[in-house]
Amino acid sequence: MDTKNELVIDKDKLYYLSHPYTTFGDPELNKKRAKQLEIVLEVLYGIKVINPIVLPLGPSNDRAMEQCRHLYNACDGGVIFCPYWEKSTGCNEEYGWAAEDKKPIFVITDNYKLKRFGLVG
C-alpha cells in the first residue's frame, strides 16, 4: 500500500489554502470561490485553514507574497491547493515553499474531494 498518498488529516492542525487570485481568472470570483472552499473544508473535513485570499494583501504582488509566506509559516498541517492552482504564479510559488519545506500537500477537486498530492510531505 502506498502510504505516502494516503489522506491523513490532523484536525488539530492548521492548513494553508492556496487559491488562484490575480494571475488566473477573475480576482473577485476567485475570492468568493476561495471563501466557499474554506467553508467546505471545515464542514466536510472538519479542518481549519488560513485563507490568505480573503485578507487585505498588497500593495504589490511581491509584498502580498511576503505576507502570504508569513501566513504559510503559521500553518503546521500542510498546504491545500484549490482547482487551477497550477495556472497561478502565486500558487506555484507556494508549492515551491511546501516542496522545499517537505510539508504535506493536498489538492481539492472541483467536486470537493480532498486528496494527497504527490510524494512531498
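No value in this document is a laboratory result; all are computed from the given coordinates. What you are looking at is a predicted structure, and each value in this text was computed from that prediction instead of being measured. Cβ coordinates were reconstructed from backbone atoms using ideal geometry, including for glycine residues, and neighbour counts include every protein chain displayed.
Here are the numbers:
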| quantity | calculated |
| --- | --- |
| Matching residues in the stretch 63-109 - criterion: being among the aliphatic types (A, V, I, L, M) and out of contact with any Gly (no Cβ under 8 Å at 6 or more places or on another chain) | 71, 74, 79, 80, 99, 107, 108 |
| Scan of the stretch 80-121 for residues that are of a type in the set (Val, Ile, Thr) and over 20 Å from residue 62 (Cα atoms), ordered by number | 80, 105, 107, 108, 109, 120 |
| Counted residues, the stretch 62-100 - those being touching a Pro at 6+ places or on another chain (Cβ under 8 Å), under 9 Å from residue 20 (Cα atoms) and surrounded by 15 or more Cβ atoms within 10 Å (Cβ to Cβ) | 6 |
| Test: residue 16 is of a type outside the set (Asp, Glu) and in contact with a Cys (Cβ under 8 Å, 6 or more places away or on another chain) | yes |
| Output for the stretch 41-87, where each listed residue is touching a residue at least 60 places away in the same chain (Cβ under 8 Å) and within 12 Å of the chain's Cα centre (by Cα) | 41, 75, 77, 78, 79, 80, 81, 82, 84, 85 |
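Here is a yes/no grid of residues against (1) of a type in the set (S, T, N, Q); (2) in contact with a helix residue (DSSP H, G or I) (Cβ under 6 Å, 6 or more places away or on another chain); (3) under 22 Å from residue 116 (Cβ atoms):
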| position | (1), (2), (3) |
| --- | --- |
| 38 | no, no, yes |
| 49 | no, yes, yes |
| 70 | no, no, no |
| 77 | no, no, yes |
| 80 | no, no, yes |
| 83 | no, no, yes |
| 86 | no, no, yes |
| 89 | yes, no, no |
| 96 | no, no, yes |
